[in-house]
Amino acid sequence: TDRTGLLAPGAAPTARPALGRPLELSIIVPTFNERDSVAELSARLDAALSGIAWEVVFVDDDSPDGTLDVLAALARSDGRVRYIHRIGRRGLSSAVIEGVLSTNAPYVAVMDADLQHDEHALPAMLAQLRTGLADIAVGSRYVAGGGIETWDRGRVKASRLATRAAGLLARAQLSDPMSGFFMVTRPAFMSGVRQLSGQGFKILLDLLASTQAPLRVVEVPYTFRCRAHGESKLDSLVVWEYGVMLLDKAVGHLLPVRFLMFIVVGGLGVFVHMAVLAALHAQLSFLAAQGLAAVVAMTFNFFVNNTLTYRDRRLKGVWALTRGLFAFYAVCAVGAVANVGIANFLFQAENHALTAGNWFVSGAAGILVGAVWNYAASSVFTWRK
Ligand code: GDD
Ligand code: MN
């Protein structure tokens, strides 16, 4: 089948059915491996939204399961279905942002493809926004009339906890700030779009924390259904990203969270280094043990940074990882030279009363310069954008 969704030469073009009236509602649906759900979702939207001028925009991150073929076929037969095919990027939030930016509908809804969000809540959300009294209508599992079909105990607890943390940032009394199901006016979305972190799963919370003026929120109950096909992409690393986003919203204006993470990982690397040194110094010469410890620690730092600090630019595949690892060694080697050189310079510099002869200040300054260099250079040479 035709992956691009473009018509083969000579094929009869399908006319985009006239909406009869200007587009009012665009539903943005991020997809990753949702082959078995997207057609069903489109059909359900059609049934639930009669009388409303709507479109749906699927934003797919190059799903390997054939979702794009299904989307192309849908888009060809129904002019209200559009899709964006992204290559080389992953992420629910950034997919949603791109989808919203691709439409000029005055009202924009965000929902999951997997049929867990109840499309019957959409008309109620739209009615709320049409009154002009709210900027955003949030589908909530926790207000009267809402609920969760079946979740294991662990997930219920985790969700409660994350919800509590979120309340602090949302700047609104919200029973379900973690919801992935909401409808917002276009101007409200645009008022925060430049401040969005675009990372992870929590686009709603991100938006609520990002707009200049707090948004006026209403909640609309719905029942979170069970997933019918495929599997959830919310894994432990997504939870990690969520934590990073909260941290970024809390302190990101002071210091980039990525830098903080880099420093924390570097600190862990010191422990790894010392552990290796402790284990080997008796067997090998001190120089060999120290050298080996440094290589092990750098390798450890590389892989941890690759999975956590630079998750969004993660290197994959043997070749990319090898290249990145050696680039990281080279960056760290230069960083070590800079560290020692600067510390030594400050320690010797007689006209620097603060540092001359002061091992602590000189040493700390060397470490700081080395760390900043390692961070800046590795983001260019190892995890380049
Ligand atoms: N484009 C794109 N890229 N879409 C993605 C990606 C991605 O990297 N990861 C997930 N999606 C899509 C899925 O295909 C699905 O349509 C939707 O985003 C939600 O993903 P799920 O994997 O089904 O998430 P969930 O059901 O575990 O979590 C949902 O419920 C949470 C509340 O507990 C989401 O709605 C969360 O946003 C919500 O917080
Ligand atoms: Mn889901």
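Values for this structure:
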item	result
Hits in the range 332-364 (condition: among the polar types (S, T, N, Q) and assigned to a helix (DSSP H, G or I))	ASN339, ASN344, GLN348, SER362
Listing of helices (runs of 4 or more DSSP H) fully contained in the range 34-125 that carry 1 or more residues being within 15 Å of GLU24 (Cα to Cα)	38-48, 92-101
Within the range 215-239, considering residues that are modelled with pLDDT under 75 and surrounded by 13 or more Cβ atoms within 10 Å (Cβ to Cβ), the one farthest from ligand 2 (Cβ to nearest atom)	LEU237
Failed item in (1) in contact with a helix residue (DSSP H, G or I) (Cβ under 9 Å, 6 or more places away or on another chain); (2) without any contact (Cβ under 8 Å) to a residue 60 or more places away in the chain; (3) over 18 Å from HIS229 (Cα atoms), with VAL70 passing the rest	(3)
Tabulated pairs, the range 278-305, first touching a residue at least 12 places away in the same chain (Cβ under 8 Å), second β-branched (Val, Ile, Thr), C-beta under 6 angstrom, 6+ apart or interchain	ALA293/VAL276; VAL296/VAL276; ALA297/VAL272; PHE300/VAL272; ASN301/VAL265; VAL304/VAL265; ASN305/VAL265
Among the residues listed as ALA365, ALA371, the single one being surrounded by 16 or more Cβ atoms within 10 Å (Cβ to Cβ) and modelled with pLDDT of 90 or more	ALA371
The range 31-61: number of residues that are modelled with pLDDT of 95 or more, away from ligand 2 (no atom under 16 Å from the Cβ) and over 18 Å from ARG227 (Cα atoms)	10
Boolean, GLY79 is out of contact with any His (no Cβ under 9 Å at 6 or more places or on another chain) and closer than 24 Å to LEU23 by Cα	yes
Unique residue being surrounded by 15 or more Cβ atoms within 10 Å (Cβ to Cβ), within 34 Å of the chain's Cα centre (by Cα) and of a type in the set (Gly, Ala, Ser) when the list is GLY317, GLY335	GLY335
Criterion violated by ALA75 - all others in (1) without any contact (Cβ under 8 Å) to a residue 60 or more places away in the chain; (2) out of contact with any helix residue (DSSP H, G or I) (no Cβ under 9 Å at 6 or more places or on another chain) satisfied	(1)
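The values are calculated or read from the model by the stated rules, or taken from the named source; none is laboratory data. No experiment lies behind these values; they were computed from the predicted model shown. Counting neighbours? That spans all protein chains shown, and the Cβs are built from the backbone with ideal geometry, glycine included.
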